[in-house]
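In what follows, a single structure is set out as structure tokens and then discussed.
The values are calculated or read from the model by the stated rules, or taken from the named source; none is laboratory data. Worth saying up front: this structure is predicted, and the values here are computed from it rather than measured. Cβ atoms come from the backbone with ideal geometry, glycine included; neighbour counts cover every protein chain shown. Only protein heavy atoms, including side chains, enter the accessible area calculation; ligands, DNA and RNA are left aside. Shrake-Rupley method; radii C 1.70, N 1.55, O 1.52, S 1.80 Å.
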Amino acid sequence: MIPIAKPHIGEDEKNAVMKVLESGVIAEGTKVLEFEKAFARSAGAKYSIAVNSGTAALHVAMLAHGIGGGDEVITSPFTFIATANSVLFTGAKPVFADIEEDTFNIDPDKILEKITPGTKAVLPVHLFGHPANMKAISEIAEDHNLIIIEDACQAHAAKFNGSCVGTFGTGAFSFYPTKNMTTGEGGMITTDDPQIYEHAKLLKSHGSKQRYLHEILGYNFRMTDIAAAIGIEQLKKLGMFTNARQENAAYLNSGLKDISGIVIPCIRQDCEHVFHQYTIRVTEDCKVDRDALIKVLNENSIGTGIYYPLPVHKQPLYRELGYTDSLPVAEKMSREVVSLPVHPSVTETDLDFIIKTIRGICE
Ligand SMILES: *Cc1c(COP(=O)(O)O)cnc(C)c1O
């Protein structure tokens, strides 16, 4: 079986966890601080705040900026539900702007159409590891005085114009096992703003800097030293993981290009794509439909994923909340996309087999 995702855990991670367990300090301690510093350095951000999930990172980022009831936050409908839910958690309203067909990311022109006097922030997602158009989004944010919070949960080390994602605004990363690096469960916030940094630190730990003195309403979103020890080792390997993903994607691209009806992933100029997912589109012009293609791939032990089969505004939860948007690009993409294995454990033999299998069905 070639799985669609596989965490890459080695002896270094195991040894680091054992050391923490033996130290007796297993909740938040010095390892978390060390991981925060190392992550900030690698992302080119002034500060990082570790939390216990990517969802918590988004939630805290929203709250740290004072986003709440009465505010609108413009985001992508083509993402994991946590993106939009982080807005709901604060009492603010997610507003969906349609996406670009080639990058699957929020379309800056569509953001403009959704701005109202209530708009407080824009929340782009760097989906599948391809940066959103941060030049256009930064200009819009500047013109309309909007906060930028970046959902970089799939885009560790991805770059736009030479800068890492998560540094154009406040960034939120995830370390879930399927992501480009993992801590089991975990998340990280990046910021250059000392006030956001201080506020986020209070929010993640019961509003408390000094033990049993609580300044604001906070949560328990702390990361453990066990998780941070894994993260420190994973971060050292992130460059290697990213190279492997990019090489696998380039190999798939050259093997799958020119198949009628199959659209391979694009990489925009000035963007470094880190291929959290390698996602193709099976369009109407393809000889087989997407479900038939997936069936044959799975029968041949090739793992696949549909990210995402239902855009957020069409989810039962959002229907219930009264969303009736029509977002045709996101809706079309959800019918056409299929992701193929691209993670660092995929071998050249695996890639050749994937390419041969797809060509066998589609040609
Ligand atoms: C994984 C993910 C999240 C949430 O991260 P968790 O660590 O699972 O809470 C949010 N947004 C996107 C785009 C993700 O892929």
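Structure values in brief
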quantity	calculated
Simple Cβ-charge dipole of the chain, Lys/Arg +1 and Asp/Glu -1, about Cα centre, in debye nearest 20	760
Long-range Cα-Cα pairs in the chain (distance over 30 Å), rounded percent	38
Sorted peptide list for 258-267, 318-327, 305-314, criterion being average Cβ within 10 angstrom, highest first	305-314, 258-267, 318-327
Sulfur and carbon atoms: percent of accessible area, the chain [1.4 Å]	52
Straight-distance crosslink candidates among lysines, where the alpha carbon sits under 24 Å from K237 and sequence neighbours closer than 8 are dropped	K6, K14, K19, K31, K37, K46, K159, K179
Cα-only Debye scattering, region 2-127: base-10 log of I(q)/I(0) at q = 0.14, 0.20 Å⁻¹	-0.81, -1.16
Number of Lys pairs (Cα under 26 Å; 8 or more positions apart or on different chains) in region 238-362	11
Kyte-Doolittle mean at least 1.0 and Cα axial length at least 24 Å: DSSP H helices in the chain	none
Per residue solvent-accessible surface (Å²) - region 1-117, probe of 1.4 Å	43
Separation between Cα centres of region 1-43 and region 259-280, rounded to whole Å	30
1.4 Å probe accessible area per residue over region 238-362, in Å²	46
